[in-house]
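A.B. asks: The structure follows.
Bear in mind these aren't lab numbers, they're just calculated from the coordinates by the rules spelled out. From a predicted model like this one, the values you see are computed outputs, not experimental measurements. In this analysis, Cβ positions are derived from the backbone assuming ideal geometry, glycine residues included, and neighbour counts consider all displayed protein chains.
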Amino acid sequence: MSNQKNGTEQNGHVCECKVGRNIEKYELNRFDEKLLEQRDDGASLRHLESVVNKALLRSALEDSRRDLIGDVDSIYERLTDAEMSAGKRAETVDQLSRGDVDVDELLSDFVSYQTVRTHLQDCLEVDTRRGQSLNPEDARGTIEWARSRSEGIIERTIERLSGVGGFQSGDVDVTYTVRVSCPDCKTSSRIEAFIERGGCQCSVEGATDE
Ligand SMILES: [Zn+2]
Ligand SMILES: [Zn+2]
């Protein structure tokens, strides 16, 4: 990625967003660099959210009587996993409290993936839309390429059938029309019209999340 500040420029400069305040408060060393590295390696915002929060947890544990407690990953899971039983979570909170961790404060310092996105986008100037930034024009080009390629394959397949089992044809033209149907709104249209219209405005559950 080319449009990000380099890590050294970030040293000594901490931004004012929640992630930035936490970096300072929990003394997370060179943390922006780590975030950017993982982002470049393809980490999702959801994953980076846990990277931030586990770093906060790790730092809090370092200041605590941590011999009472388990490892960062399992504690984090017990604190945040929605599947975790309330009893197990309460037990973990209790353990942390006995280890002198201010659990309420820690939990309120935890960040969401949206906060991570804002930090990456506004503070570190990273384009977080990577992978989704295809525009309609590019899409049309790709689809037209695939469509005409399919026409060629179909035409050649028909040619190869010639003389097989009595099959005969002239110098035919093949037209391959792509249609898109949505089971939710029952729309059905040619791909060109579908893109032109901006899709069908239905959404796949979870598709807007990273
Ligand atoms: Zn920030
Ligand atoms: Zn639809």
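A.B. asks: If I take R0 = 35 Å and measure r between the Cβ atoms of GLU137 and SER162 in this structure, what FRET efficiency does the formula 1/(1 + (r/R0)^6) give, to the nearest 0.05?
C.D. replies: It comes out at approximately 0.35.
A.B. asks: A follow-up question, please. Calculate, in nm to one decimal, what CYS182 and ASP81 gain on full extension: separation in residues at 0.36 nm each, minus their alpha carbon distance.
C.D. replies: Stretched out fully, the CYS182 to ASP81 stretch lengthens by 33.0 nm.
A.B. asks: Which entries of LYS25/LYS54; LYS18/LYS54; LYS34/LYS88 have Cα-Cα distances beyond 22 Å here?
C.D. replies: Beyond 22 Å between Cα atoms: LYS34/LYS88.
A.B. asks: Does the chain classify as rounded, prolate or oblate by the C-alpha gyration tensor (a ≥ b ≥ c root eigenvalues; a/c under 1.5 gives rounded; else a/b over b/c gives prolate, otherwise oblate)?
C.D. replies: Because a/c hits 1.5 or more and a/b exceeds b/c, the chain counts as prolate.
A.B. asks: Check VAL126: other-chain or 5+ apart residues with amide H under 5 Å from its amide H, H built from backbone geometry?
C.D. replies: HN-HN under 5 Å from VAL126: GLN121.
A.B. asks: Note down the magnitude of the dipole of the chain about its Cα centre, charges +1 on Lys and Arg C-beta and -1 on Asp and Glu C-beta and zero elsewhere, to the nearest 20 debye.
C.D. replies: 600 debye
A.B. asks: A further question follows. Using alpha-carbon pairs under 8 Å, 6+ residues apart, how would you state the relative contact order of the chain in percent?
C.D. replies: Dividing the mean separation by the residue count of the chain yields 19 percent.
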